[in-house]
Amino acid sequence: MAFHSYGFILFFLPLALIAYFGMNRFGAAAGKWTLLILSVFFISFQSPAHGLIAMLSTMVNYGFLSLLGQASSARARKSILALGIGCNVLFLC
């Protein structure tokens, strides 16, 4: 399903918006988790392998974000950021 397909525009997008705003009433975190799950579902709809890559990429990015939060020096933060960007570029290959 592509972004410009009728299935996305008439089915997936309205349901995703309803789910997001419905879950967002329980808190911002619930809305964000809903978007994450729906995004992986949308990506997996075309190919399950792409969904696995999206989940792995999300977990790796979360790990780098955690490391950035713990880094004390600017040099360490720059190194972690460069490594994170490099990993994201590798996911594209």
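The values are calculated or read from the model by the stated rules, or taken from the named source; none is laboratory data. Note that the structure is a prediction, hence the values are computed from the model and not measured. Heads up, the Cβs are rebuilt from the backbone with ideal geometry, glycines too, and the neighbour counts pull from every protein chain shown. The accessibility values were calculated without ligands, DNA or RNA, using every heavy atom of the protein model including side chains. Shrake-Rupley method; radii C 1.70, N 1.55, O 1.52, S 1.80 Å.
Within region 57-78, track down each residue that is touching a residue at least 24 places away in the same chain (Cβ under 8 Å) and open to solvent by 50 Å² or more (accessible area, probe 1.4 Å). Please lay out each step first, then the result.
Start the filter on region 57-78 by keeping residues that are touching a residue at least 24 places away in the same chain (Cβ under 8 Å), which leaves 57, 60-61.
Answer for region 57-78, where residues must be touching a residue at least 24 places away in the same chain (Cβ under 8 Å) and open to solvent by 50 Å² or more (accessible area, probe 1.4 Å): just Asn61.
Scan region 14-48 for residues that are over 21 Å from His4 (Cβ atoms) and not hydrophobic (A, V, I, L, M, F, W, C) and the total you get is 8. Restricting the first member to region 8-30 and to residues that are under 20 Å from Gln46 (Cα atoms), and the second to residues that are open to solvent by 30 Å² or more (accessible area, probe 1.4 Å), the beta-carbon pairs closer than 6 Å and six or more apart or on different chains are Phe8/Met1; Ala16/Leu38.
Starting from residues that are in contact with a helix residue (DSSP H, G or I) (Cβ under 7 Å, 6 or more places away or on another chain) and either open to solvent by less than 60 Å² (accessible area, probe 1.4 Å) or among the acidic types (Asp, Glu) (or both), keep the ones in region 47-56 and report whichever is nearest to Asn88 (Cα to Cα). Walk me through it before giving the result.
Restricting attention to region 47-56, the residues satisfying the condition of being in contact with a helix residue (DSSP H, G or I) (Cβ under 7 Å, 6 or more places away or on another chain) are 50-51, 53-55.
With either open to solvent by less than 60 Å² (accessible area, probe 1.4 Å) or among the acidic types (Asp, Glu) (or both) added as a condition, the list becomes 51, 54.
On the way: Gly51: 15, Ala54: 11 Å.
In this case the residue turns out to be Ala54.
Residue-wise test of (1) surrounded by 12 or more Cβ atoms within 10 Å (Cβ to Cβ); (2) modelled with pLDDT of 90 or more; (3) small (Gly, Ala, Ser).
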residue: Ser5; (1), (2), (3): no, no, yes
residue: Phe11; (1), (2), (3): yes, yes, no
residue: Leu15; (1), (2), (3): no, yes, no
residue: Gly22; (1), (2), (3): yes, yes, yes
residue: Gly27; (1), (2), (3): no, yes, yes
residue: Ala30; (1), (2), (3): yes, yes, yes
residue: Trp33; (1), (2), (3): yes, yes, no
residue: Leu38; (1), (2), (3): yes, yes, no
residue: Phe45; (1), (2), (3): yes, no, no
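Using the structure shown, decide if Phe91 is part of a loop (DSSP other than H, G, I, E, B), exposed (fewer than 14 other Cβ atoms within 10 Å of the Cβ) and hydrophobic (A, V, I, L, M, F, W, C). Criteria not met by Phe91.
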